[in-house]
1. Once you sort the root eigenvalues of the Cα gyration tensor of the range 91-152 as a ≥ b ≥ c, which label holds: rounded (a/c under 1.5), prolate (a/b larger than b/c) or oblate (the other case)?
2. List residues of the range 298-327, by number, whose backbone nitrogen lies under 11 Å from a label position 7 Å along Cα→C-beta of GLU54.
3. State, to one decimal in nm, how far the label point of GLU392 lies from the label point of GLU224, with both points 7 Å from Cα in the Cβ direction.
4. What number comes out for accessible area per residue over the range 1-57 if the probe is 1.4 Å? Units Å², please.
5. TYR15: net charge of surrounding residues, Cβ under 13 Å, Lys/Arg +1, Asp/Glu -1, itself excluded?
6. Please work out whether the chain counts as rounded, prolate or oblate from its C-alpha gyration tensor, where a ≥ b ≥ c are the square roots of the eigenvalues and a/c under 1.5 means rounded, while otherwise a/b larger than b/c means prolate and anything else oblate?
7. Residues with amide H under 5 Å of ASP129's amide H, sequence separation 5 or more or different chain, H placed in the peptide plane at 1.01 Å from N; which?
8. Before I look further, what does the range 210-255 give for accessible area per residue, probe 1.4 Å, in whole square angstrom?
Amino acid sequence: MIKANPNYFKLPVVYLFQQVAKTVKEYKDTHPNADVISLGIGDVTQPIPMASIEAMHKATDEMAKAETLRGYGPEQGYEFLRKAIIENDYKAKGIDIALDEIFISDGSKCDVGNIQEIFDVTAKVAIPDPVYPVYRDTNIMAGRELTFLPCKESDNFSPSLPQTDCDLIYLCSPNNPTGSVMTKEDLKKWVKYAKEKNAIIIFDSAYKEYIRTPGIPQSIYEIEGAKEVAIELRSFSKTAGFTGVRCAYMVIPHALKALDPNGKDIELNPLWARRHTTKFNGVAYIVQRGAEAIYTEAGKKQVKATIDYYMENARLIRTGLKECGFEAFGGIDAPYIWMKAPNGVTSVKLFEALLTQAEIISTPGSGFGTYGEGYVRLTSFGTRENTIRAIERIGKIKL
């Protein structure tokens, strides 16, 4: 009989967010009248920008006519969207990105999980702890050796450089789950390390639009030399509410190199292009027109209004927690608030207290890694009404 991939048996039995959903369902089943408020999984509650709605309606109408029907599109993404990304996300900030360095996808989660396929299975991987589980789990599935980089409160939840040499480094800023951000000096340190060690950084900047503090980089390519050592991932899910629409992109510069089997330097860009065109048929034309509309004048204003809404929720949660006597981090440049459990209470115990005493869904920090123990993650993606109600309830829990 064929054998299963042994690396899958090294994973937690259930994916973190599935486990949270299972626990919440069990609570609701036994408490049918419960008024549960979700501050757990980071799904959106506000409508996607009207500019995108109008663009997708127009694109849908095109599908009704033979002369404007779109079938298979380019796997790498339509030029109109890639050009809009270059002009607005990079050129506007003085960063030079070529058209064929951008790859449109159906989500950063997929990109995070898939990008590791173009690297050798012997590559040693450095991952922050706590961390978005997909970074960790996909590399465990591939059978790679992992080094975890502690992100402690004493270091503002910023990972330290590895003590041993690593080939692949995953970084996320603004960070999920801690809500922390990396300064320009932080990123310079990592770019310098990657150059010295011939390592590659996978930089997840899905929450870049939430940055409020002046001087905090939105792109790793703001750092000189980063295009030689970094891949950047970005998503429209949390900036434009595309969690149910699905669109993201990844940048792989031509300057980024690795070794081929003969020890010769080769570009990674064509390797990913080969993988992308083999395993992916592209994001729907209608969706890409919706994403393009985000970069119009109206689209930008609408996106900003939505993000301002969520960031006001974040402010309310953060200040509300402090008024209730809890320590909290994040929520300034990110939609995530990292709530600290008091008096040595575990993440799971705090999660359970929030659920059973206040009927609030959170995410246990221990599910994000060893150094997530003692915290829970709250998100600001709820409605204003539910956010205010949740804070009122939190003040009543007993630990």
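1. Values: a/c = 2.14, a/b = 1.61, b/c = 1.33.
Prolate shape, in that a/c is at least 1.5 and a/b is the bigger ratio.
2. It comes to 298-299, nothing else.
3. My value for the distance between the label points is 5.5 nm.
4. Numbers: 4000 Å² over 57 residues.
That works out to 70 Å² per residue.
5. Numbers: positive: LYS22, LYS109, ARG136; negative: ASP137.
Charge balance near TYR15 sits at +2.
6. Details: a/c = 1.57, a/b = 1.21, b/c = 1.30.
Oblate.
7. LEU149, CYS151
8. Numbers: 1310 Å² over 46 residues.
On a per-residue basis, the range 210-255 sits at 28 Å².
The values are calculated or read from the model by the stated rules, or taken from the named source; none is laboratory data. Keep in mind the model is a prediction, meaning the values are calculated, not measured. Cβ coordinates were reconstructed from backbone atoms using ideal geometry, including for glycine residues, and neighbour counts include every protein chain displayed. Calculation scope for accessible area: heavy atoms of the full protein, side chains included, ligands and nucleic acids excluded. Shrake-Rupley method; radii C 1.70, N 1.55, O 1.52, S 1.80 Å.
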